[in-house]
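Note sheet for the following structure.
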Amino acid sequence: MRKAIIVAVGIIIIFAGVKGCQVIGESKKKPAKKKADKITTVFTEKVMLTSVPVYIESTGVLEAVEKLELFSEVQGIMLPDGGKFKEGISFRKGQVLVALKSNDIRAQLVAQRSSFQRTLTAVMPDLKLDYPNIEKIYQNTM
């Protein structure tokens, strides 16, 4: 008997669930829409023909078409030029691009020349004995 009651209650619950789903499904029917007349509004304005300036803004990296590399023929320290020597700055023909401070290098050159002359003076007696004609050439360089 207990089994019969449990089966009967289960069938009733299943039947009630199916009926409940049908009721909920029928209640969600959409009401018929009324077709409204569409009225389109257009605004107009008179146009005056004028010239319009064009401004183009852009960002990015610029690269020179004609690149130029500079090499110094002498050594020295580059003097400060107030930021004139930078990429993109143009120079006229004959204009000084970079000024170099060469006092230290010039002093070093004078010291090397002095050392050369000292060595040449020490070798002169040997040159005079071995090559008597060449002595005059070296005598003029001192």
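The numbers here are math on the coordinates, done by the rules we state, and not lab data. Just so it is clear, the model here is predicted, and its values are computed rather than measured. We place every Cβ from the backbone using ideal geometry, glycine too, and count neighbours over all the protein chains shown.
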Give the order of Ser102, Ser90 when sorted by the count of other beta carbons within 10 angstrom, beginning with the fewest.
Ser90, Ser102
Can you compute the charge dipole magnitude of the chain about its Cα centre, using +1 on each Lys and Arg Cβ and -1 on each Asp and Glu Cβ, nothing else charged? Give it in debye, rounded to the nearest 20.
2080
Extended-chain gain in nm, criterion 0.36 nm per residue less alpha-carbon gap, Val61 and Lys136
20.6 nm
GNM result for the chain, Cα springs below 10 Å: residue of Lys35, Lys101, Lys93 fluctuating most strongly
Lys35
Cα-centre dipole for region 77-141 with unit charges at Cβ (Lys and Arg positive, Asp and Glu negative), debye to 20
380
Run through every distinct alpha carbon pair of the chain and return the Kirkwood hydrodynamic radius in angstroms, one decimal place.
29.2
For the chain, with a Gaussian network of springs between Cα atoms less than 10 Å apart, report the residue from Ala64, Ala36, Ala111 with the top mean-square fluctuation.
Ala36
Stokes-Einstein translational diffusion, region 77-141 - Kirkwood Rh over all Cα pairs, 0.890 mPa s, 25 °C, in µm²/s:
154
Please work out the C-alpha center-to-center distance from region 116-137 to region 34-110 and express it in whole Å.
60
